Amino acid sequence: EAQVTQNPRYLITVTGKKLTVTCSQNMNHEYMSWYRQDPGLGLRQIYYSMNVEVTDKGDVPEGYKVSRKEKRNFPLILESPSPNQTSLYFCASSPQGARNTIYFGEGSWLTVV
Amino acid sequence: AQSVTQLGSHVSVSEGALVLLRCNYSSSVPPYLFWYVQYPNQGLQLLLKYTTGATLVKGINGFEAEFKKSETSFHLTKPSAHMSDAAEYFCAVSGGSNYKLTFGKGTLLTVNP
């Protein structure tokens, strides 16, 4: 089954404790992206990757890092999480960029206390 | 620059009534336009998209949208609402670049029996 898989789906963590949210897609897509969803703000792009080893900042990259060492994986790293990073996070992928149909993971609920 | 405005954060309709969700966009170049739906506790999935050509676009579950360049609008409609349509709907635009999809803040659709 074609899918984007994120882990963990739910996490409560403490301020400053590094964490990684993994994302994997099995559709051989070139493009991957991370979004955060907050009430009343919709989805905002954190980082994107057009291809392996090519990543760039989206609208809200502060406090996040990503890497794209292989096509299928695009982990999101919070080096020192803060409470304002409490949010619902979505990983997404598409064949070639934002103009193609984008496929979303089921989301990761992250709470930083 | 590109942006999306969804008019109405919450729309409530009766079962069987017309559904109309409004979306206006801004783009410096001919846009690619999308409607995504998010059911509770799920990721987003594509309802329909406009790229080029026919301005009336049909999507899944009986939804359709019309691209009106003169009005910079891409409103979503469905002739008869069903209880299963209750969800949050997001309009999105991809304009001059192929790496960025900008979402509106979403419209929560409630369907009353």
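A few points about this structure:
- Averaged over peptide A:97-108, the number of partner chain Cβ atoms lying within 10 Å of each residue's Cβ comes to 6.
- Nearest-0.05 FRET efficiency for B:S70 and A:Q96, computed from C-beta distance (R0 35 Å): 0.70
- The residues neighbouring B:V37, those whose beta-carbon lies less than 9 Å from its own, together hold a net charge of -2 under the Lys/Arg +1, Asp/Glu -1 convention.
- Cα-centred dipole magnitude for the range B:22-113, charges only on beta-carbon of K, R (+1) and D, E (-1), debye, nearest 20: 180
- Nitroxide proxy distance, nm - points 7 Å out along Cα→Cβ at B:S80 and B:L18: 1.6
- Potential lengthening of the chain between A:E106 and A:R44 amounts to 20.7 nm, from the contour at 0.36 nm per residue minus the alpha-carbon distance.
- Ordering B:P113, B:S97, B:V4 by Cα displacement along the dipole of chain B toward the positive end leaves B:S97 in first place; charges were set at the Cβ atoms of Lys, Arg (+1) and Asp, Glu (-1).
- Under 18 Å from B:K78, Cα to Cα: aspartates and glutamates that are on another chain or at least 8 residues apart: B:E15, B:E64, B:E66, B:E88
- Reciprocal mean inverse distance between Cα atoms of the range B:1-104 - Kirkwood radius, Å: 13.9
- Each principal axis of the protein assembly as shown carries a Cα extent, and these read 49, 38, 34 Å when sorted largest first.
- Cα centroids of the range A:4-24 and the range A:36-95: 12 Å apart.
- The amide H of B:Y50, built 1.01 Å from its N in the peptide plane, has B:L33, B:F34 as neighbours under 5 Å, considering only residues 5 or more places off or on other chains.
- Average beta-carbon neighbours from other chains, 10 Å sphere, peptide B:87-94: 2
- The label-point distance for B:N61 and B:A1, in a model that sets each label 7 Å from Cα toward Cβ, rounds to 3.3 nm.
- Under Karplus coefficients 6.51, -1.76 and 1.60, residue-wise ³J(HN,Hα) of the range A:94-103 in Hz, glycine/proline x: 8, x, 7, x, 6, 8, 7, 4, 9, 9
- Taking amide H as placed 1.01 Å from N in the peptide plane, the amide H of A:G58 sits under 5 Å from that of A:Y47, A:Y48, each at least 5 places away or on another chain.
- Taking a sphere under 11 Å around the Cβ of B:S94 and counting the other residues whose Cβ falls inside, with K and R at +1 and D and E at -1, yields a net charge of +3.
- Chain A - charge dipole about Cα centre, Lys and Arg +1 at Cβ, Asp and Glu -1, debye rounded to 20: 160
- Taking the range B:1-89 and dividing mean pair separation by its residue count, relative contact order in percent (alpha carbons under 8 Å, at least six apart): 33
- For A:K57, a cut-off of 23 angstrom between C-alpha atoms picks up these lysines, skipping any fewer than 8 places away in its own chain: A:K17, A:K18, A:K65, A:K69, A:K71, B:K100, B:K105.
- Note on chain B: GNM, Cα springs under 10 Å; of B:G96, B:G59, B:G43, the largest mean-square fluctuation is that of B:G43.
Each value in this text was obtained by applying a stated rule to the coordinates, not by laboratory testing. Just so we're clear, the structure is a prediction, and the values are computed from it rather than from any experiment. All Cβ positions, glycine included, derive from the backbone under ideal geometry; neighbour counts span all protein chains shown.
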